[in-house]
Amino acid sequence: MSRVDRDETAFGDRDGLCSININAVWSDPLESDEHIRWTHEFFASTEPFSTGGVYVNFLGNEGEKRVRAAYGEAKYKRLTALKNKYDPTNLFSLNQNIKPGKRKRKGADCILMLILYISYKRKKLGGALDW
């Protein structure tokens, strides 16, 4: 992990000796609370030995704070600037989303949103648009 400098890629937490990925999988929805509980307890028990960072592809639905921890504040700001430039409407918002920064909407954004909406409606209606 440490052969690449921390500023060369978006993933920069390269100081750890190892990486831990905790996966809890179950099929019975009635067991969810139990499995989520032990997973959180196990994670908490490893924290004293952690760098505090996280690999973004290991995250589940843990919130923006953990996404920021995956990149660090300086990289998160750079990635937000890229998001503002290339995806200001947050079209690509799945996985561990970096939200665009707050800014005024431009006419082009509204047109893009309209085109996306029409495309979506068209696909949903099987190619027909009956407005």
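The values are calculated or read from the model by the stated rules, or taken from the named source; none is laboratory data. Fair warning: this is a prediction, and the values are worked out from it, not measured in the lab. In this analysis, Cβ positions are derived from the backbone assuming ideal geometry, glycine residues included, and neighbour counts consider all displayed protein chains.
Quick one: is Gly16 on the phi > 0 side of the Ramachandran plot and part of a loop (DSSP other than H, G, I, E, B)?
Here the answer is no, as Gly16 does not meet what is asked.
If we keep just the residues of the range 33-65 that are free of Cβ contacts under 8 Å to residues at least 40 places away in the same chain, in a helix (DSSP H, G or I) and closer than 18 Å to Arg6 by Cβ, which is nearest to the chain's Cα centre (by Cα)?
Here the residue is Asn57.
Does Ala70 satisfy being within 22 Å of Asn23 (Cβ to Cβ), outside any loop (DSSP other than H, G, I, E, B) and either in contact with a Gly (Cβ under 9 Å, 6 or more places away or on another chain) or modelled with pLDDT under 90 (or both)?
Yes, satisfied.
Could you tell me how many of the residues in the range 5-54 are surrounded by 11 or more Cβ atoms within 10 Å (Cβ to Cβ) and either modelled with pLDDT of 85 or more or farther than 15 Å from Tyr71 by Cβ (or both)?
So the count comes out to 18.
Tally up the residues in the range 61-72 that are surrounded by 12 or more Cβ atoms within 10 Å (Cβ to Cβ) and out of contact with any Leu (no Cβ under 8 Å at 6 or more places or on another chain), please.
Number satisfying all stated conditions: 5.
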